[in-house]
Structure formats: C-alpha cells, structure tokens
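Encoded as structure tokens, the structure appears first; notes follow it.
The values are calculated or read from the model by the stated rules, or taken from the named source; none is laboratory data. The model shown is predicted, which means the values in this text are computed figures rather than measured ones. Glycine gets a Cβ as well: all are built from the backbone with ideal geometry, and neighbour counts include every protein chain shown. Surface areas here come from the heavy atoms of the whole protein model, side chains and all, with no ligands, DNA or RNA. Shrake-Rupley method; radii C 1.70, N 1.55, O 1.52, S 1.80 Å.
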Amino acid sequence: MRRTAYLMLMVLAVTTIITYVPSKSFACSCAEPGTVTEVLNRDGATVFSGRVVKKVDQSKLDMLQSSADPISVLFQVDKTWKGVNQSQVIVKTARSSASCGYEFTLNERYLVYASERDGELNVNLCSRTQSITDAQADLEVLGMGKDPTEKVHLEDQMTGMSMMVIVTWAVLGIVGVSGIILIRRLRS
C-alpha cells in the first residue's frame, strides 16, 4: 500500500515538473542596429543615459529557468534625448546574452537605446545600448541631451516574484499536502 502511494506521488511530481519544461529555445542573432540618427528617428524609440540602481531577476526563484526570462533594470537617468523625461526608468531585458539580453552591471552608467513593447521599455543585445565609457561616438552625434524634468521613485514597482514562481510553489504545496494526507490515510 505504501509503495502504491509513493508511486502515485512520484507520478504526480514528474507530471507537474514536465508541465513547466519549456519546449523551444532560440539563439541570439543580430542585424546591424542602424546609425544613431536612424535609431533616434524610429517610432517608439527611447534614448537616455543613466546609472543602474537595481536589478531584479523575476524568475530567480523558479525551478525551471530560461535565458530568455525577463530581468527588470532600474536606471537613475542622467540625460535624455528621446522618449523619457523621468528621473528613473525601468527597462526589461532577457536574463542572458544567449537570448539577446543585455547584461547590465549594477552601479555602472550606460547609454540606453530602448524600444517600447506592450507598455514597457525593452533593451536587447542587438540595440546600440553600451557602457557610457564606450559611447563617445554616439554622444557626439546625440549632443548634450536634457536633464529629466519629472522626479519619480520607481523602486516600489520592482518586484521579485513572477506569477510563474507563485503558481509553481502553489502547485508544489498542494502536491506536498495531498501526499501527506494520502500517506496518513493509508497508514490508518
């Protein structure tokens, strides 16, 4: 009887895990991003410089992770050229450069070329985004830029748990409690 209960728990656990296994993966492949002027003239383009204040890997607690999982990056904006006038901005990028994510370093300054998608700013490895120390040629074309005019604090909008994490832990909790109840019933 115990062996049957154990086998049922194992089948349920394996089925749950298989449900969350990703079925596809893609490698990063970039085309030339275009000149500074071309990128600046695109619809939905945002260009600013700033320092990385905080990074939140939203899938850090997920059991199954992908290089394409989103990371939120909070910037303290120094200068702006297009698309933003706030003192802080959140951009999203894939977790890894393998999925075209830009790997930002905390407390470093960057010239960021972002695009808006579904109401969020997104940055990828294929954009002109680069460390401010490597951006001198772009800064010469862009000019002085403007100081942000709207002071905001966006730290509260940086969340660390994705819905996938919550669902995964809820399912595992239900499976665990069900297993304990099943084992106790079989013993009595």
message: If residue 168 satisfies all but one of (1) at pLDDT 80 or above; (2) surrounded by 18 or more Cβ atoms within 10 Å (Cβ to Cβ); (3) farther than 19 Å from residue 30 by Cβ, what's the number of the condition it fails?
response: (1)
- request: Taking residue 73 as the residue in question, decide whether it is surrounded by 16 or more Cβ atoms within 10 Å (Cβ to Cβ), out of contact with any Cys (no Cβ under 9 Å at 6 or more places or on another chain), at pLDDT below 95 and not in a helix (DSSP H, G or I).
  value: yes
message: For residue 107, only one of the following conditions fails: (1) in a loop (DSSP other than H, G, I, E, B); (2) at pLDDT 95 or above; (3) open to solvent by less than 30 Å² (accessible area, probe 1.4 Å). What is its number?
response: (3)
Residues within the stretch 121-147 that are among the hydrophobic types (A, V, I, L, M, F, W, C), in contact with a strand residue (DSSP E or B) (Cβ under 8 Å, 6 or more places away or on another chain) and part of a helix (DSSP H, G or I), tallied: 3
